[in-house]
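Have a look at the structure below before the remarks.
The values are calculated or read from the model by the stated rules, or taken from the named source; none is laboratory data. Just so it is clear, the model here is predicted, and its values are computed rather than measured. Neighbour counts are summed over all protein chains in view; Cβ atoms, including those assigned to glycine, are modelled from backbone coordinates with ideal geometry. With ligands, DNA and RNA removed, areas are computed over all heavy atoms of the protein, side chains included. Shrake-Rupley method; radii C 1.70, N 1.55, O 1.52, S 1.80 Å.
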Amino acid sequence: MLRTTLVTLVTLATTLALTGTSQAAVDLTDPHKKDIAMQLVSSAENSTLDWKSQYGYIEDIDDGRGYTAGIIGFCSGTSDMLALVELYTNRKPGNVLAKYLPALRKVNGSDSHAGLDPNFTKDWKTAAKDTAFQTAQNDERDRVYFNPAVSQAKTDGLRALGQFIYYDAIVMHGPGSDKLSFGGIRKTAMSKAKTPTQGGNETTYLNAFLDARKAAMKAEEAHEDTTRVDTEQRVFLKNGNLDLNPPLTWKVYGDSYTIKS
């Protein structure tokens with residue numbers, strides 16, 4: 001009887017340990033976690049948690065990047081909008097945005113609307129009703145921003161919160177290596193603290209990254225409001241929520257949001 005009881009207890013302990021490991025291993029690639037990440041970014045980019053309603057969003061926010069549009073803020077001046085429309089056109093030749101490709105190539109790297117006005121915004125909203133364009137937006141978001149950010153975060157030993165912090169940074173600052181881009185921000189953070197993979201403390205490193213991110217934001221007038229760091233990401237970090245588990249409550253630009261589950 002005693003031996004049977006011991007075997008049962010050992011089996012139960014092993015099961016609990018495995019379950020705990022499984023839960024801790026859930027990262028931002030988990031569909032539910034990824035949806036949470038999309039909602040968090042949308043609260044800052046579009047002032048709504050309904051990120052799937054933003055495929056048709058488009059405006060010039062006067063940040064020097066031309067038109068900003070779609071679920072992740074593809075910009076006419078930073079090549080990602082061009083890449084998106086090229087992908088859409090490869091998949092669906094003759095679509096309503098295909099005629100703007102020459103203009104998008106010319107304005108890339110500037111804030112110009114030359115060749116885009118007056119109908120580009122209307123045609124973008126028309127294209128956004130097409131599931132093929134929605135899928136193209138999802139795919140380009142993942143290729144350029146989500147997958148590289150999560151991959152780098154996992155290499156650095158970061159859990160879901162850190163993966164999201166990297167993702168939000170690469171969305172705003174781009175994947176470059178200069179000091180105001182994601183690569184430069186990460187380099188600055190690593191000069192102040194070791195990543196978990198290097199033997200450092202995860203919270204300490206993420207605080208260093210957010211410090212570097214905040215400095216980069218303040219260096220650009222269009223990004224000088226740092227609430228997406230101060231009253232969102234830093235709140236989760238201070239709460240020790242490294243796995244980014246709901247419920248989550250935060251503020252961005254003074255607006256309050258909650259994800260209950």
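Using Cα-Cα distances under 8 Å and only pairs 6 or more residues apart, what relative contact order does the chain have, in percent?
14 percent
Using a 1.4 angstrom probe on heavy atoms only, work out the carbon and sulfur share of the accessible area of the chain in %.
Carbon and sulfur together cover 52 percent of it.
Round to the nearest 10 and give me the degree value, 0 to 90, for the angle of helix 160-173's Cα axis relative to the longest principal axis of the chain.
Between the helix axis and the principal axis of the chain, the angle is about 20 degrees.
For the stretch 47-173, what value does the Rg/Rh ratio take when both radii are computed over Cα atoms and Rh is the Kirkwood radius, given to two decimals?
For the stretch 47-173, the value is 0.99.
For the chain, what does -39500 (n - 2.57) per DSSP helix run (n ≥ 4), summed and divided by total residues, give at 222 nm, in deg cm²/dmol to the nearest 500?
Rounded to the nearest 500, the figure is -15500 deg cm²/dmol.
Can you give the three extents of the C-alpha atoms in the stretch 119-193 along their principal axes, from longest to shortest, in whole Å?
Computed over the Cα atoms, the extents are 48, 23, 15 Å.
Where a ≥ b ≥ c are the square roots of the eigenvalues of the C-alpha gyration tensor, would you call the stretch 132-261 rounded, which needs a/c under 1.5, or, failing that, prolate if a/b is larger than b/c, or oblate?
Rounded, because the longest to shortest axis ratio a/c is under 1.5.
What whole number of Å gives the distance from the Cα centroid of the stretch 49-95 to the Cα centroid of the stretch 102-146?
Between the Cα centre of the stretch 102-146 and that of the stretch 49-95, the gap is 4 Å.
Give, rounded to the nearest 20 debye, the magnitude of the charge dipole that the stretch 120-261 has about its Cα centre when Lys and Arg contribute +1 at Cβ and Asp and Glu contribute -1 at Cβ.
300 debye
Protein chains only, probe 1.4 Å: how do 57, 205 rank by accessible area, largest first?
Sorted descending by solvent-accessible area, the residues read 57, 205.
Calculate, for the chain, the solvent-accessible area per residue in square angstrom, rolling a 1.4 angstrom probe over the heavy atoms of the protein chains.
Dividing the accessible area of the chain by its residue count gives 48 Å².
Sort 30-36, 69-75, 139-145 by packing, meaning the average of other beta carbons within 10 Å per residue, with the highest value first.
Put in order of decreasing packing, that is 69-75, 139-145, 30-36.
Of the peptides 149-157, 100-108, how do they stack up when ordered by the mean number of other Cβ atoms within 10 Å, highest first?
Put in order of decreasing packing, that is 149-157, 100-108.
Can you list the lysines whose alpha carbon sits under 29 Å from that of residue 122, skipping same-chain ones fewer than 8 residues off?
By straight Cα distance, residue 122 reaches 52, 92, 99, 106.
Over the Cα atoms of the chain, what Rg and Dmax result, in angstrom?
21.0, 83
If you wrap a convex hull around the C-alpha atoms of the stretch 65-134 and split its volume per residue, what is the figure in Å³?
It is 71 Å³ per residue.
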